Amino acid sequence: MRFGKRLAIIVSGLAAAIAIGYGWISRPHEADGVLQLYGNVDIREVEMAFRQSGRLATVAVEEGDRVKPGELLAELDAQPFQQALAAAEAQAQQASAELEKLRRGYRPQEIAEARQSMRQAEAALSYAAS
């Protein structure tokens, strides 16, 4: 055989050995009948929403954690909602006091003051008529 043919056979054998070795290394290996694959899952869209807008106070999970349905993932800052609740309760108490005032009627002092104003207006009318 010539040197060129020998070189071609050696190079093709070496290329075949490299291809077989690469195929063996890149193939997923099975251990105890369990297929193990490695990699990352890239999540581009997450459907998570709160019923109200606001700032997050706490985040209960980290990226990559396993979560169960219904598990708390994050919590909104409650202070703005507590302040709004206190303001609404104050308005309700004020409206209740106004309603009670209307149900009880006028105070005797206010009635006496109104009678005195009416007498002064009658006196002014009778003076103007004379």
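The values are calculated or read from the model by the stated rules, or taken from the named source; none is laboratory data. Computed from a prediction, not measured in an experiment: that's the story for all the values here. Virtual Cβ from ideal backbone geometry, glycine too; neighbours counted across all protein chains shown. For accessibility, only protein heavy atoms count, side chains too; no ligands or nucleic acids. Shrake-Rupley method; radii C 1.70, N 1.55, O 1.52, S 1.80 Å.
Looking at the stretch 88-102, is at least one residue out of contact with any Lys or Arg (no Cβ under 8 Å at 6 or more places or on another chain), closer than 30 Å to Thr58 by Cα, open to solvent by 70 Å² or more (accessible area, probe 1.4 Å) and in contact (Cβ under 8 Å) with a residue 24 or more places away in the chain?
No, that holds for no residue.
Looking only at the stretch 57-72, how many residues end up being surrounded by 10 or more Cβ atoms within 10 Å (Cβ to Cβ) and charged (D, E, K, R)?
1
Could you tell me which of the residues Gly33, Gly54 is surrounded by 10 or more Cβ atoms within 10 Å (Cβ to Cβ), out of contact with any Gly (no Cβ under 7 Å at 6 or more places or on another chain) and at pLDDT below 85?
Gly54
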